[in-house]
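Have a look at the structure below, then the notes.
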Protein chains: 2
Amino acid sequence: MTARIIDGKATAAALRQDVAKAVETLKADHGVTPGLAVVLVGEDPASAVYVRNKGKQTVEAGMNSYEHRLDAATSEEELLDLVRKLNADPAVNGILVQLPLPAQIDSAAVIATIDPAKDVDGFHVINAGRLATGLPALVPCTPVGCVILARQVHADLTGMEAIVVGRSNIVGKPVAQLLLNENCTVTIAHSRTRDLAGVCRRADLLIAAVGRPEMIRGNWIKPGATVIDVGINRVPKDDGKTRLVGDVAYDEALKVAGAITPVPGGVGPMTIACLLRNTVEAACRQNGIEPIL
Amino acid sequence: MTARIIDGKATAAALRQDVAKAVETLKADHGVTPGLAVVLVGEDPASAVYVRNKGKQTVEAGMNSYEHRLDAATSEEELLDLVRKLNADPAVNGILVQLPLPAQIDSAAVIATIDPAKDVDGFHVINAGRLATGLPALVPCTPVGCVILARQVHADLTGMEAIVVGRSNIVGKPVAQLLLNENCTVTIAHSRTRDLAGVCRRADLLIAAVGRPEMIRGNWIKPGATVIDVGINRVPKDDGKTRLVGDVAYDEALKVAGAITPVPGGVGPMTIACLLRNTVEAACRQNGIEPIL
């Protein structure tokens, strides 16, 4: 038996189409064109690629994209000033400051300064608190993408044993909250978990978000389980080049799981699509419109 | 074998002593006397008893207690005005509005109006978000009490399989966050969990917070497990009177568990003690003093 491969690229493309339709409706019915501002400080090549893709997909969805590229030597106060300007700009519905930031800037201070209503990354403490207490929130993009992918396989996640491996603020903890909202029985496992393999083997739905290449082996997976692999790790190949692998040993898992996301082409493409969705949601709320996505 | 009984009364008394000592230090070294304002709207008898006990224990710990009793017909705006006054009053370090509130008042609006720095119940979305993202927070009292009681049995909870039954904002979710901070492998189970008995049987540490009398039976408990029973349910006795029982079938559990909290005398007494602790913590932070508890 071979697992069904969950196509993140196709799912993300479909979500981007839904976003584009929602944007058309917003323009036609409300005269609102959502705008996303992305701020990049410095020249980290991976961040630059990511920012470029965000801008491109924002425009393709019919929204306005505002890119702000600041010198690597930018001071925290200069960046905070820009964030405050974007907070006050009615054309900007979403603000994303690309992480990581240079060492002279405190990321926490920057995130805390973003208007929670425009915090499309969902990292502000108010959005974390709203998610934790079951209120409408802007939710971090990768966790939302994980849940959408799981729902490609299971229309209803109620009662499933979900194991989340990893407890970061960016993925592990928010995805656990979302799965709880989906009525899963949720376990959060991490580096201090005893018998991690045994805990993983309980999972009907396994979310791997540890950032360690191929740590989760095939025999850690319950036969037929759905596996969502958040990891994107670059490892050396024999020829001196590198390749991307997930947190799950994919070839092994393929023989055991019922469904699995590949790396690349799984969770990765969902992240920007969910960012666009968050931007539309933010634009709706800021204009007193019932969210249409 | 009979389980060790975890003495909540004694643990709470010891914590209140620690609080009283901290208050003495605050007075002597900083000239600060922490103050707790408790607001009761209406005449619910259980709430009145609870408010009276809070006031009494606040004074016994050397702090100032400010009780505000409002008529059951008080409007939301009147209550919000009082909260705003307390927010602005430097003598008040902690504000607790006793729940439930009469139907004409939106509890969420009241909680959102309390200054997060004075939110000693830990219900404000900013405190929930701070807890969820690992920042210093005012944490709801009952969950903190649960963890303190568990640590009476285990100096270090790292690696324990903790099962939390119940997913309320007041107990289930915050206690799960705290146990994750203690490095437990944490599972949140609830009414939609399949095979709840089987899930409970995995627990080294079982937190019962469902509000259903004696729902968790002895054979749901792993031999030797530590059981923390948050439930306080009033049930009829044969003689027409009532008695208090927990969410766990205590007599059955006593024969299986390694340690267990009784009802009453377990988690219950911890709640006010933790409220006093939160008030001292709030007073420290508001005065720029490193928390001394």
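The values are calculated or read from the model by the stated rules, or taken from the named source; none is laboratory data. These figures come from a predicted structure and were not determined experimentally. Glycine also receives a Cβ, built like all others from the backbone with ideal geometry; neighbour counts cover every protein chain displayed. The accessibility values were calculated without ligands, DNA or RNA, using every heavy atom of the protein model including side chains. Shrake-Rupley method; radii C 1.70, N 1.55, O 1.52, S 1.80 Å.
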Qualifying positions in segment B:147-176 - touching a Leu at 6+ places or on another chain (Cβ under 8 Å) and farther than 20 Å from A:G166 by Cβ:
B:V147, B:I148, B:A150, B:R151, B:H154, B:V165, B:R167, B:P174
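Would you pick out the residues in segment B:115-125 that are under 18 Å from the mean Cα position of the chain (by Cα) and at negative phi?
Of everything in segment B:115-125, those that are under 18 Å from the mean Cα position of the chain (by Cα) and at negative phi turn out to be B:P116, B:A117, B:K118, B:D119, B:V120, B:D121, B:F123, B:H124, B:V125.
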Anything in segment A:115-151 that is touching a residue at least 24 places away in the same chain (Cβ under 8 Å) and within 9 Å of another protein chain (Cβ to nearest Cβ)? List them, or say none.
A:F123, A:A128, A:L131, A:A132, A:G134
Which numbered condition A:A109 misses (of (1) within 14 Å of chain B (Cβ to nearest Cβ); (2) hydrophobic (A, V, I, L, M, F, W, C); (3) in contact with a Leu (Cβ under 6 Å, 6 or more places away or on another chain); (4) assigned to a helix (DSSP H, G or I)):
(3)
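Among the listed residues B:R212, B:R277, B:R285, identify the single one that is over 20 Å from the mean Cα position of the chain (by Cα) and either at positive phi or open to solvent by 30 Å² or more (accessible area, probe 1.4 Å) (or both).
Values: B:R212 fails: over 20 Å from the mean Cα position of the chain (by Cα); B:R277 fails: over 20 Å from the mean Cα position of the chain (by Cα).
Just one listed residue meets the conditions, B:R285.
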Which residues, taken from segment B:178-196, are open to solvent by 20 Å² or more (accessible area, probe 1.4 Å) and more than 8 Å from chain A (Cβ to nearest Cβ)?
B:L178, B:N181, B:E182, B:S191, B:D195, B:L196
Just give me the residues in segment A:224-260 being part of a strand (DSSP E or B) and either free of Cβ contacts under 8 Å to residues at least 60 places away in the same chain or not assigned by TED's automatic domain parsing to the domain that holds A:L179 (or both), in sequence order.
A:D229, A:N233, A:R234, A:V235, A:P236, A:T242, A:R243, A:L244, A:V245, A:V248
Among the residues of segment B:149-175, write down those that are open to solvent by 10 Å² or more (accessible area, probe 1.4 Å), among the hydrophobic types (A, V, I, L, M, F, W, C) and assigned to a helix (DSSP H, G or I).
B:V153
Would you confirm, using the coordinates I've provided, whether A:V19 is in the same structural domain as A:P102 (by TED's automatic domain parsing) and modelled with pLDDT of 95 or more?
no
Scanning segment B:240-271 for residues that are open to solvent by 10 Å² or more (accessible area, probe 1.4 Å) and within 13 Å of the chain's Cα centre (by Cα) gives B:G268, B:P269, B:T271
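Test B:L205 against the stated conditions and say whether it is within 20 Å of B:L157 (Cβ to Cβ) and more than 8 Å from chain A (Cβ to nearest Cβ). So that I can check it myself, show each step before the final result.
Values: within 20 Å of B:L157 (Cβ to Cβ): yes; more than 8 Å from chain A (Cβ to nearest Cβ): yes.
Criteria met by B:L205.
Just the residues that are in a loop (DSSP other than H, G, I, E, B), among the hydrophobic types (A, V, I, L, M, F, W, C) and farther than 18 Å from A:L80 by Cβ, please, taken from segment A:121-148. Spell out the reasoning first.
First, the residues of segment A:121-148 that are in a loop (DSSP other than H, G, I, E, B): A:121-124, A:133-140.
In the following step, the residues that additionally are among the hydrophobic types (A, V, I, L, M, F, W, C) were identified as A:123, A:135, A:137-139.
Result: A:L135, A:A137, A:L138, A:V139.
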Kindly provide the set of residues from segment A:264-280 that are outside any helix (DSSP H, G or I) and under 18 Å from A:R151 (Cα atoms), ordered by number.
A:G265, A:G266
